[in-house]
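In what follows, a single structure is set out as structure tokens and then discussed.
Any read-out appearing in this document is the output of simple, stated calculations on the displayed coordinates, not a laboratory observation. Note that the coordinates shown come from a computational prediction; the quantities given were computed from them, not determined experimentally. Neighbour counts run over all protein chains shown; Cβ positions are idealised from the backbone, glycine included.
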């Protein structure tokens, strides 16, 4: 079972990483949350019986963990803020490096802005950015499909305002 | 800003996630074997520890009081057994709910989570209010039995009750407020946060 579970996480690591980054503000807290999500998935895995899509189950467990996660910042007064994780590609040209740097800054800015949304708004925006349909978002969130549209529109407008205020376009 | 802007920015996040995971994969799996520190799991461990503690204390207490009068020994046995049975029943229900909650949809999971937190709070308060006088009465009984060689005549004097009753009430009031304070300090902020999430999710449903 462990082998099977590891394979699932290899395939869906991006969900844990992006949700983790969107619900934390410093590196140590992010690592705590990532671990908590991994442990929660492992403990819930034996109860997963395929009644919903695997990704739907992962989103539910991971988002529920993020929503109930308790920050342990008091234990770490000098916690370092989250910074973009630099990814490396072989044989990059100067132009490619510069483009990559800009892309990293943009991602960083997006995480900062998502982090300023209310917790439930964050969840809905993340699910949308991940390419889930309105029906899937409704199933994960437990709200009606028609409500997803209204809620998403409102959240995206707020996100756009935040991005503009933080200088999106100048990066 | 157009929709595709957000999506293209998000693709960069995918690359970051993959690269981060590839670099730390082994370390992550090593750390994943550690203890679950989720708030519900912490409560579950606390309830389990309380149950174990009650069993150990009961056995120790009853062993120590083997030579007290029979009626008192059996009363203590029944009271403590009932407390342990209630505690264990609560623990079993709690464990089942804790396992189920993370896989529910966000709204239901938040409702269930809040329900568990509140029921834990209720349980803490009830235990502190009920068990404090019970523990004091047991202490008196032990005192009369061991210290006064089974002479319970003091129980009928007004001086005894004039001191004991206010003490019992004061102890009950103190533990009631102490439990409230302890709960607020430990889980209060989490409860408020989740209430806000639930209000937001439920409000827009109407």
Task: Residues B:65, B:79, B:49 arranged by fewest to most Cβ contacts within 10 Å - done: B:49, B:79, B:65
Task: Prolate/oblate/rounded call for the stretch B:77-153, Cα gyration tensor, a/c under 1.5 rounded - done: prolate
Task: Part-to-part distance (alpha-carbon centres) for the stretch A:137-154 and the stretch A:1-31, which is given in Å - done: 24
- [ ] Report the FRET efficiency, 1/(1 + (r/R0)^6), for residue A:102 and residue A:153, where r is their Cβ-Cβ distance and R0 is 25 Å, rounded to 0.05.
- [x] 0.30
Task: Residue exposure sequence - B:120, A:34, B:91 - by fewest surrounding Cβ within 10 Å - done: B:91, B:120, A:34
Open item on the list: Report the Rg/Rh value for the stretch B:152-202, based on alpha-carbon coordinates and the Kirkwood definition of Rh.
Closed with: 1.43
Open item on the list: Could you work out [θ]222 nm for the protein assembly as shown from helices alone, using -39500 (n - 2.57) per DSSP H run of at least four and dividing by all its residues? Round to the nearest 500 deg cm²/dmol.
Closed with: -26000 deg cm²/dmol
Open item on the list: Give me the mean projected area, in nm² to one decimal, of the convex hull enclosing the Cα positions of the protein assembly as shown.
Closed with: 25.1
- [ ] Using Cα pairs closer than 8 Å and at least 6 residues apart in sequence, work out the relative contact order for the stretch B:86-181, in percent.
- [x] 33
Task: Dimensionless Rg over Rh [the stretch B:113-206; C-alpha; Kirkwood] - done: 1.27
Open item on the list: Please compute the contact order of chain B in relative form: average sequence separation of alpha-carbon pairs under 8 Å and at least six residues apart, divided by the residue count, as a percent.
Closed with: 21
Task: Using a Förster distance of 25 Å, the FRET efficiency for residue B:189-residue A:31 (Cβ separation, nearest 0.05) - done: 0.70
- [ ] Classify the stretch B:84-124 as rounded, prolate or oblate, taking a ≥ b ≥ c as the square roots of the eigenvalues of its Cα gyration tensor: rounded when a/c is under 1.5, otherwise prolate if a/b is larger than b/c and oblate if not.
- [x] oblate
Task: Modelled FRET efficiency - R0 22 Å, residue B:71 with residue B:182, Cβ distances, 0.05 increments - done: 0.05
TODO: Would you order A:126, A:153 from fewest to most other beta-carbon atoms within 10 Å of each residue's own beta-carbon?
DONE: A:153, A:126
Task: Cα-Cα separations in the stretch B:34-179 greater than 21 Å, expressed as whole percent - done: 57
Task: Whole-number percent relative contact order across the stretch A:1-70, with pairs defined as alpha carbons under 8 Å at least 6 apart - done: 38
